[in-house]
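Report on one structure; see the data block that follows.
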Amino acid sequence: MMMMNRHAAKRALDLQRSAGIHDHQVIIDCRAKVQTIDSTFSMSFASTTLGHKLPDAAIPFLDYQRIFDELQQYKNEKSLYNLSLDVETLKEILTEADWYELIIPAAHIAFDSPAKLSMFADFAISVLKVYIDKYCKYMREKWEAPKLAYAELTEEDNNFVDEYTFTYYPESNDSGEAIETFVNDLQQIINQNQGLDQYERSMSHDIITAFDFRNHLYAPLICLKSQGLKLTVAPVSLNHGEKQFVDMLRDYCLSHEAQLAGKSLYLLRNKSKVGMGF
């Protein structure tokens with residue numbers, strides 16, 4: 001059970017230091033919010049890289065009921081039902097301020113007016129949400145670590161794909177026939193070559209792209225762009241960003257052959273829900 005009472009808060013901060021999290025500070029860019037408040041915003045403001053903390057003098061005067069309510073809602077949205085919050089803990093975490101930075105000009109973070117307290121509370125909510133995420137991630141990984149185990153990947157693993165099923169409701173017969181022709185041609189190429197005969201093959205307008213990164217444990221991978229066609233593929237195809245990752249990994253391997261000599265690199269697309277747990 002993850003508790004965030006006064007003692008646990010201090011313990012969490014200590015654990016973060018030992019885990020090296022403080023070496024990678026949380027950085028919150030506050031410029032967009034200040035821009036909406038300050039009518040004197042200028043283009044030179046956008047280039048500031050100054051990092052600041054909430055003023056120590058302001059921390060006792062923040063609206064902690066609003067902060068608490070916002071974080072409770074955030075906690076519930078994240079289903080963190082085993083996490084307890086209290087106001088004193090939140091104050092203590094904000095006082096221990098070496099774990100975050102606010103990108104904002106010094107003039108805007110200076111505590112020179114009570115009117116700024118509402119804005120400071122917004123900043124506090126932002127950094128505390130990140131703190132909660134990091135704290136829960138650390139505690140979850142700490143709990144899971146002794147229970148993790150390596151397992152041999154077998155041919156029967158659910159991550160492997162034996163076949164793809166394309167389902168389409170074409171807006172014209174020509175589209176349906178083109179899809180069938182492309183898929184049938186792919187099947188023939190794969191049977192002849194134990195994979196594709198080149199890195200990728202695409203249907204016209206890139207509606208369907210099949211690609212074969214030889215370090216992936218099965219071929220081909222499919223990226224789908226239906227472009228108005230009612231077209232689906234099962235298992236779920238890769239999106240553009242996922243394909244871009246594979247493209248970049250392939251380019252890296254090709255351009256670093258010397259560094260990778262004698263090493264083995266394998267890639268396997270991890271299925272949602274039934275895939276390997278990390």
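The values are calculated or read from the model by the stated rules, or taken from the named source; none is laboratory data. Since the structure is predicted, the reported quantities are computational estimates derived from the model, not experimental observations. Counting neighbours? That spans all protein chains shown, and the Cβs are built from the backbone with ideal geometry, glycine included. Heads up: the accessible areas ignore ligands, DNA and RNA and are worked out on the full protein's heavy atoms, side chains in. Shrake-Rupley method; radii C 1.70, N 1.55, O 1.52, S 1.80 Å.
Amide H contacts of Lys225 (H built 1.01 Å from N, in plane; Pro and chain starts excluded): Ile208, Thr209 sit under 5 Å, all sequence-distant by 5 or more or on other chains.
Rounded to whole numbers, the Karplus 3J(HN,Hα) couplings from phi for region 71-79 are 6, 4, 5, 4, 4, 5, 4, 8, 6 Hz, using 6.51 cos²θ - 1.76 cosθ + 1.60 with θ = phi - 60°, and x at Gly and Pro. In this structure Arg201 has an accessible area near 70 Å², from a 1.4 Å probe over the protein heavy atoms. The solvent-accessible area of Asp247, taken with every protein chain present and a 1.4 Å probe, is close to 40 Å². Database remark: amide H of Glu101 closer than 5 angstrom to the amide H of Val26, Ile27, Ile28 (H placed geometrically; neighbours at sequence offset of 5 or more, or on other chains; Pro and chain starts carry no H).
Calculated FRET efficiency, Phe166 to Ala107, Cβ-Cβ distance, R0 = 45 Å: about 0.15 to the nearest 0.05. In the complete set of protein chains, residue-level accessible area for Met248 is approximately 120 Å², probe 1.4 angstrom.
Annotation for region 195-261 versus region 82-116: alpha-carbon center distance of 45 Å. Residue by residue, region 112-120 carries 3J(HN,Hα) couplings of 10, 7, x, 5, 7, 4, 5, 5, 4 Hz when phi is fed to the Karplus relation 6.51 cos²θ - 1.76 cosθ + 1.60 (θ = phi - 60°); x denotes Gly or Pro. Residue ranking by accessible heavy-atom surface, 1.4 Å probe, largest first, among Lys78, Lys134 comes out as Lys78, Lys134.
Treating r as the C-beta distance of Val236 and Glu156 and R0 as 35 Å, the FRET efficiency rounds to 0.95.
The candidates Val26, Val130, Val236, arranged from most to least accessible area with a 1.4 Å probe in the full protein assembly, appear as Val236, Val130, Val26. FRET efficiency for the pair Tyr266 and Glu180, taken as 1/(1 + (r/R0)^6) with r the Cβ-Cβ distance and R0 = 25 Å, rounds to 0.15. With 27 Å as the limit, the listed pairs Lys91/Lys142; Lys91/Lys137; Lys225/Lys271; Lys129/Lys271; Lys53/Lys137; Lys53/Lys75 have Lys129/Lys271 beyond it between alpha carbons.
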